[in-house]
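Only one structure is covered here, and it is reproduced in the block below.
Bear in mind that the values in this text are calculations on the coordinates, not laboratory data. Every value quoted in this text rests on a predicted model; they were computed, and no experiment measured them. Cβ placement follows ideal geometry from the backbone for every residue including glycine, while neighbour counts extend to all protein chains displayed.
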Amino acid sequence: MNTDPTRAILIADLGYGDAGKGSIVDALARATHAHTVIRYNGGAQAAHNVITPDGRQHTFSQFGSATFVPGVRTHLSRYMILHPLAMLAEERHLRGLGVEDAFERTSIEREALVISPFQQAANRLKEIARGDARHGSCGLGIGETMADWLAFGSEMLFAGDLHQPARVTRKLKRIRDLKLAQLQPLLLSLKDNPDALAERKLLEDPRLIEMTAELFAHFASRVRCVEPHELGKFLKQPGTTIFEGAQGVLLDEWWGFYPYNTWSTLTYKNADTLLAENNFPGAVLKLGLLRGYATRHGAGPFVSEDAHLTAAIQDRHNVDNPWQRAFRVGYLDLLALRYALQVTGRVDGLVVTNLDRMAAMPQWRVCTAYDYPGPAADLAGDFEHHGRRVTGIRLPADPTDLPAQEWLTRRLMQMQPIYTGCKHSRESYLAMLQNALSLPIVITSDGPSARDKEIRFLEMTQPV
Amino acid sequence: MGTGRWSTDLYDEHNRYKAASGKSTFDYSDTLHNSSRDAWRVHASLNPLGVKFRESRDSAEHPNATAIAVMFDVTGSMGAVPVTLQQKLPQLLGLLLRKNYVSDPQILFGALGDATCDRIPLQVGQFESDNRMDENLENIFLEGGGGGQQTESYELGMYFIARHTAIDCWEKHGRKGYLFLIGDEMAYARVSHSEVRHLIADGLEVDIPLAEMVRELRQRYHVFYLLPKAASYGGDKTILKFWRNLLGQNVLELEDSETVCETIALAIGMMEGTIDLRAGMDDLRTYNATPETLQTVSKALANLPTSPLTARASAGTLFGLAAKALLDGKVRRRL
């Protein structure tokens, strides 16, 4: 019988993703003997890498990143967008690494949205049509599915539908008709584009619906779909539940820099909702993740991007994705981090990862201000500034005002970084970060496996 | 953010599902059997014709690759072996990787028939380090002919592995790869140059005597022959003697063809010196092996000499090397 106190540890990335959530979730699960990992946002685009101390490597996408740890469950909440085909492929890889019960240890809330092949194809066609102005989408159809859900509601496919092929067939036909009608002009304009051929053929394949319904039913036979209240049972158990976030808060659907953001809520908001509706009885610890330097995958603002760092710090896992384009590296940006912390709300401590990679940095420094090349009058209201020198990004008054958000993004993309040098010492760098962000550093990571993590302390702060 | 790391190809997934949900996992095989014998041909991914090299290479993810080739007889008498291999593949990999028997295993599957009468006597996949090897297995055609003569074309498989594989474990690290032949008959006495021309498209001028072929092969590979007794000639003294003459202690007799995966894994561990038989048995117990399996495997491996125990290879890390050096006595432990 587990006698550990009931508690929840929430993980969110304070940047644009890639801060090492996977390896931190794995290490935390081992250290705390966690019983469950809950995914509370995102979907199959997640690429959370874990390398076990015995050298096995897996990129967790829809299974919780603690799946290598025997017995730890994965629960996919309704805020997760499900991609059954990718999950089948992921399970096979895990099986090849000796994890044979990944599906048995997984439950999915029946209201989780499911991506159909039509939405994935639509997403890819739109990205192809954007040419060089791509948004940095992953090409999985997540945004498309979210947008359709807002428009069509219950006509969409949900995890709870998948075991009924007749129902899936009916819904897929409806989704196909909607997508084909929407995409007609686009399909015409891409008629001769060779990149679009595979997606066009898929959309027109008469067997597609039957094949999909069959595969989805197969998927449903392997994994348990549960009612929303089942989560409460896991949460009330003694011991630790980890809430594994995807992506990063700077890509949040409202607070991220439009249009270079996602369709998912990436702050702790969904996790808070899940805890509250189940009257979570334990303590809650909220951790914000960052690397010792900054990265961004795909297009969008990145003031402290640095071409030398991009060349100097090669990433182990983030090779360029044809749908997402380049992986960029730069210095930490304190303005962006403070903005991320404001957006996120309460954060109890920081997790700083990839510290070992900083050895490759020719100089250590952080971005402490921006210089705006345009007229200072542009900055009023949205930035803390003295003349053209910007010292802070203010929270937008109305994040749903998309023209205003886009204007914020445009100005950010013109900002030039102003750096402050740092001592070339790990300890003083960490101390500087704690001071600059007014938060304790609770975990540090100097390498890929759980062995390389130092958990400094995990005392609980106030209960919810 | 991240990338769609896992395949979302609907057609692939559907084929796989169909293959798995049918009676047999060998979907390609089933499809062909339903067509006429003239239409039988080797799946393109497994065709040795014109292949220069099957390669086992180091990579960033697998810095210390170990080549492991597993070739089995697909004639009727050995029908259960490929199915067992496929079912137990995850366990084989799990043992090799999880228990660190060997660094970065890359496994190639091949299938052998009788070149004198079968339509498809030689099929060879690629060295793979993940579940793509599953696909190679799925596409293998189980011809089911053969039988009677007590002879199959194992020598063709040996020829291919000896001359058409390029393996970093040997080329870069001076470590031999592994070849496991699984079958229940004898090999032909010589590698036929005309069969080699016909099946691999090599311009071989003369036949190669079997013993010479084995000698060449063993320069780069540890070669084993697994002889399951349940197979039709199992236990036949002539066949056993034939292989013992060629390979000595590396002929492993199995009571039961169900245990090939476990036997392969432990044989590798013992050769690498990462386990002895006793430690291997303990590892199998953690995988809930039945007492019968334990007995079969321990009997098969009882006469295999164990290399001096070294530290378990820890994926080619500095730690592993240091531990090995320590045990080899190259480094004196500081007390």
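Measuring between alpha carbons in the structure, the pairs from B:Lys52/B:Lys88; B:Lys237/B:Lys299; B:Lys52/B:Lys229; B:Lys172/B:Lys241; A:Lys171/A:Lys201; B:Lys88/B:Lys237 lying more than 24 angstrom apart are B:Lys52/B:Lys88; B:Lys52/B:Lys229; B:Lys172/B:Lys241; B:Lys88/B:Lys237.
Give, as a single signed number, the net charge of other residues whose beta carbon lies under 10 Å from the beta carbon of A:Thr52, with Lys and Arg counted +1 and Asp and Glu -1. Provide the component values of the computation, followed by the final result.
Numbers: positive: A:Arg30, A:Arg56, A:Arg451, B:Arg98; negative: A:Asp26, A:Asp54.
Summing Lys/Arg as +1 and Asp/Glu as -1 gives +2.
Between A:Phe243 and A:Ile9, A:Leu10, A:Ile11, A:Ile38, the built amide H atoms are under 5 Å apart, and every one of these is 5 or more places off in sequence or on another chain.
Which of the GluC sites (Glu not before Pro) across the range A:340-435 are loop residues per DSSP, with 16 or fewer other Cβ within 10 Å? Before the final figure, lay out the partial values.
Values: sites: A:Glu384, A:Glu406, A:Glu427; in loops: none.
Here no loop site has a sparse enough neighbourhood.
The Cα trace of chain A gives Rg and Dmax of 22.1, 65 Å, the first to one decimal, the second as a whole number.
In debye, nearest 20: dipole of the protein assembly as shown around its Cα centre with unit charges on the Cβ of K, R (+) and D, E (-)? Each step should come with its number before you reach the end.
Numbers: 87 positive and 95 negative charges, 318 e Å.
Result for the protein assembly as shown is approximately 1520 debye, rounded to the nearest 20.
Ranking A:Ile142, A:Ser221, A:Leu188 by Cα position along the charge dipole of chain A, where only Lys, Arg, Asp and Glu carry charges on their C-beta atoms, puts A:Ser221 farthest toward the positive end.
Cut-off is 10 Å between beta-carbons; in what order do B:Glu155, A:Glu253, B:Glu205 appear when sorted fewest neighbours first? Could you put the intermediate results ahead of the total?
Details: B:Glu155 27, A:Glu253 18, B:Glu205 7.
Starting with the residue having the fewest Cβ neighbours, the order is B:Glu205, A:Glu253, B:Glu155.
Residue by residue, the range A:214-229 carries 3J(HN,Hα) couplings of 5, 5, 5, 5, 4, 4, 5, 6, 9, 9, 8, 9, 10, 6, x, 6 Hz when phi is fed to the Karplus relation 6.51 cos²θ - 1.76 cosθ + 1.60 (θ = phi - 60°); x denotes Gly or Pro.
Rounded if a/c is under 1.5, else prolate if a/b beats b/c, else oblate: with a ≥ b ≥ c from the C-alpha gyration tensor eigenvalues square-rooted, which is the range A:1-63?
Numbers: a/c = 1.98, a/b = 1.34, b/c = 1.48.
Oblate is the answer for the range A:1-63, as a/c is 1.5 or above yet b/c matches or exceeds a/b.
Farthest towards the positive end of the charge dipole of the protein assembly as shown, among the residues A:Gly17, A:Tyr339, A:Ala311, is the Cα of A:Tyr339, using unit charges on the Cβ of Lys, Arg, Asp and Glu. Just add up the charged neighbours of A:Leu350: K/R +1, D/E -1, any other residue whose Cβ is under 14 Å from the Cβ of A:Leu350. Summing Lys and Arg as +1 and Asp and Glu as -1 gives +4. For the range A:421-460, the gyration tensor built on C-alpha atoms gives an oblate shape. Its axis ratio a/c (a ≥ b ≥ c) is at least 1.5, and a/b is not larger than b/c.
How would you rank B:Arg244, A:Arg39, A:Arg78, A:Arg346, going from fewest to most other Cβ atoms within 10 Å of each one's own Cβ? Provide the component values of the computation, followed by the final result.
Values: B:Arg244 15, A:Arg39 30, A:Arg78 21, A:Arg346 12.
Listing B:Arg244, A:Arg39, A:Arg78, A:Arg346 from fewest to most nearby Cβ atoms yields A:Arg346, B:Arg244, A:Arg78, A:Arg39.
Rounded to whole numbers, the Karplus 3J(HN,Hα) couplings from phi for the range A:21-38 are 4, x, 5, 6, 4, 4, 5, 5, 4, 5, 6, 9, 6, 4, 9, 9, 10, 10 Hz, using 6.51 cos²θ - 1.76 cosθ + 1.60 with θ = phi - 60°, and x at Gly and Pro.
Tally Lys/Arg at +1 and Asp/Glu at -1 over every other residue whose Cβ is under 14 Å from the Cβ of B:His193; what's the total? Before the final figure, lay out each step's value.
Details: positive: B:Arg163, B:Arg190, B:Arg197; negative: B:Glu155, B:Glu195, B:Asp202, B:Glu205, B:Asp207, B:Glu212.
Taking every Cβ under 14 Å from that of B:His193, the sum is -3.
For the protein assembly as shown, what class follows from the C-alpha gyration tensor (a ≥ b ≥ c being the square roots of its eigenvalues): rounded when a/c is under 1.5, otherwise prolate if a/b is larger than b/c, else oblate? Note, shape of the protein assembly as shown comes out prolate.
Proximity of backbone amide H atoms, modeled 1.01 Å from N, is registered between A:Ala369 and A:Ile418 at under 5 Å, excluding neighbours fewer than 5 places apart on the same chain.
Dipole size in debye (nearest 20) for the range A:206-321 around its Cα centre, Lys and Arg Cβ +1, Asp and Glu Cβ -1?
Values: 10 positive and 13 negative charges, 70 e Å.
Its charge dipole is roughly 340 debye.
Which percent, nearest 5, of DSSP beta bridges in the range A:328-464 are antiparallel? Approximately 80 percent, going by the DSSP bridge assignments. Annotation: amide H-H contacts under 5 Å for B:His43 (H modelled 1.01 Å from N, sequence separation of 5 or more, or interchain): B:Phe141.
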